[in-house]
Amino acid sequence: MTLKYKKSYRFAIKSTSLITIFSIVILLFLQYLFFEINFFFTLVFAVLFFVFSFFVIQFRVEKFIYHGIENIFNKVSILDKSVLRSNPITTDMQTLMSEVNKFATDKKIEIESLKVREEYRREFIGNVAHELKTPLFTVQGYISTLIDGEIEDEKIIEKYLKRAENGVERLIEIVADLDMITKLESSELKLDVTRFDIVEAFKDVFDMFELKAEEKDIALMFDKENYRKIFVKADKEKISRAIVNLVENSIKYGKPKGTTEVSFVHLTDNKLMVRVTDDGLGIDKKHINRIFERFYRIESSRSREVGGSGLGLSIVKHIIEAHDEHIYLESKLGSGSEFSFTIQKSAMS
């Protein structure tokens with residue numbers, strides 16, 4: 001496929017005009033010295049000389065630019081010919097340089113983006129391997145011990161089997177979360193939007209975590225004693241999953257005898273803000289921008305103790321953004337955290 005040109009005659013006209021004027025001056029001066037000045041002859045000469053010079057210069061300029069661009073394509077492998085060929089190449093050098101500079105800038109940005117993605121990919125693979133390695137080695141260790149047959153105490157055997165089962169459950173949890181986040185990122189997971197009561201959804205989640213909250217003496221509450229029903233339009237299953245992750249996270253990192261409080265703010269007639277607030281450990285400012293990344297952990301040792309796949313907040317973010325909504329985080333180290341997200345209200349709420 002050959003390059004297409006958007007011809008510009010400005011350079012050729014200017015150059016031809018200057019050369020023609022100079023040639024006429026020389027011709028008139030020679031006629032004055034040696035012959036009579038013949039204006040008709042001079043005019044014909046000027047016209048023919050201008051036309052000839054114009055086509056020669058224009059042809060040479062186009063050929064020069066053509067070979068120049070071809071050399072760039074052949075010598076600089078990073079340039080993609082198809083990008084420049086998608087639009088005609090102008091023969092005006094100033095415009096051409098502007099287009100090439102823009103192309104180079106875009107490519108630089110693209111390269112930087114690819115470097116960031118590559119670094120993210122390496123970090124992600126390392127995190128996945130690390131997350132899977134711990135429960136795998138745990139399960140392998142307990143099962144190998146039992147296979148060796150050196151333990152006869154039934155209580156110890158039962159304890160080892162229970163720990164191996166916990167390791168398998170953790171593996172299943174990590175794989176399930178990875179599967180969900182992959183589908184969310186690739187838009188394979190379709191939303192089933194329905195009308196449901198979000199207050200009731202939170203009550204169901206509170207019931208689910210009642211025992212776990214009692215272990216740390218954490219109170220699960222709404223900021224008002226009696227919330228009326230608040231109906232929203234969203235995928236109930238996915239939003240419930242996001243609520244589960246947020247409430248579970250607040251209990252995991254909440255302080256003993258603390259609280260997890262849910263509140264609702266009516267932003268507009270069709271937009272609701274949902275807030276999940278705790279008075280737990282809080283998050284340092286330097287971690288806030290990365291807290292929704294997959295497997296990102298503030299303190300690895302603390303996170304390992306409380307368990308989880310390390311994908312909970314990342315899943316929440318993807319679920320909310322899949323609804324074309326936004327999630328926010330406000331936190332201060334030692335003063336707790338507030339996760340909030342917007343959601344569309346139902347017209348009949």
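The values are calculated or read from the model by the stated rules, or taken from the named source; none is laboratory data. Keep in mind that what you see is a predicted model, and the values were worked out from it rather than measured. So basically every Cβ, Gly included, is an ideal-geometry build from the backbone, and we count neighbours across all protein chains shown.
All but one of (1) assigned by TED's automatic domain parsing to the domain that holds Gly312; (2) loosely packed, with under 13 Cβ neighbours inside 10 Å; (3) assigned to a helix (DSSP H, G or I) hold for Asp217; which doesn't?
Every listed condition holds for Asp217 apart from (3).
Quick test for you: out of Ile157, Ile143, Ile151, pick the one residue that is at pLDDT 80 or above and over 29 Å from Phe295 (Cβ atoms).
On inspection, the qualifying residue turns out to be Ile157.
Please list, ordered by residue number, the helices (runs of 4 or more DSSP H) wholly in the range 284-349 having 2 or more residues that are over 26 Å from Pro135 (Cα atoms) and at pLDDT 85 or above.
Counting at least 2 such residues, we get 312-322.
Residue pairs, Cβ under 6 Å, 6 or more apart or interchain, first in the range 327-349 and without any contact (Cβ under 8 Å) to a residue 24 or more places away in the chain, second among the polar types (S, T, N, Q) and outside any loop (DSSP other than H, G, I, E, B). List them.
From the range 327-349, the pairs are Tyr328/Ser340.
Going through the range 220-248 one residue at a time, which ones are crowded, with 19+ Cβ neighbours inside 10 Å and either more than 19 Å from Thr342 (Cα to Cα) or over 36 Å from the mean Cα position of the chain (by Cα) (or both)?
If the condition is that a residue be crowded, with 19+ Cβ neighbours inside 10 Å and either more than 19 Å from Thr342 (Cα to Cα) or over 36 Å from the mean Cα position of the chain (by Cα) (or both), then Leu220, Glu248 are the ones that fit.
Could you tell me whether the range 84-91 includes any residue that is part of a helix (DSSP H, G or I), under 30 Å from Ala164 (Cα atoms) and modelled with pLDDT under 70?
The answer is no, given that none of the residues of the range 84-91 is part of a helix (DSSP H, G or I), under 30 Å from Ala164 (Cα atoms) and modelled with pLDDT under 70.
Do we have Ala234 as within 19 Å of Phe196 (Cβ to Cβ), in contact (Cβ under 8 Å) with a residue 40 or more places away in the chain and touching a His at 6+ places or on another chain (Cβ under 8 Å) here?
It is true that Ala234 is within 19 Å of Phe196 (Cβ to Cβ), in contact (Cβ under 8 Å) with a residue 40 or more places away in the chain and touching a His at 6+ places or on another chain (Cβ under 8 Å).
Against the conditions (1) assigned by TED's automatic domain parsing to the domain that holds Lys271; (2) surrounded by 15 or more Cβ atoms within 10 Å (Cβ to Cβ), where does Asp204 fall short? Just the number, please.
All conditions pass for Asp204, except number (2).
Could you go through the range 170-178 and let me know if any residue there is without any contact (Cβ under 8 Å) to a residue 40 or more places away in the chain, basic (Lys, Arg) and assigned to a helix (DSSP H, G or I).
The answer is no; no qualifying residue exists.
Any chance the range 252-270 includes a residue that's in a helix (DSSP H, G or I) and either within 34 Å of the chain's Cα centre (by Cα) or within 26 Å of Arg195 (Cβ to Cβ) (or both)?
Yes, there is a match, as at least one residue in the range 252-270 is in a helix (DSSP H, G or I) and either within 34 Å of the chain's Cα centre (by Cα) or within 26 Å of Arg195 (Cβ to Cβ) (or both).
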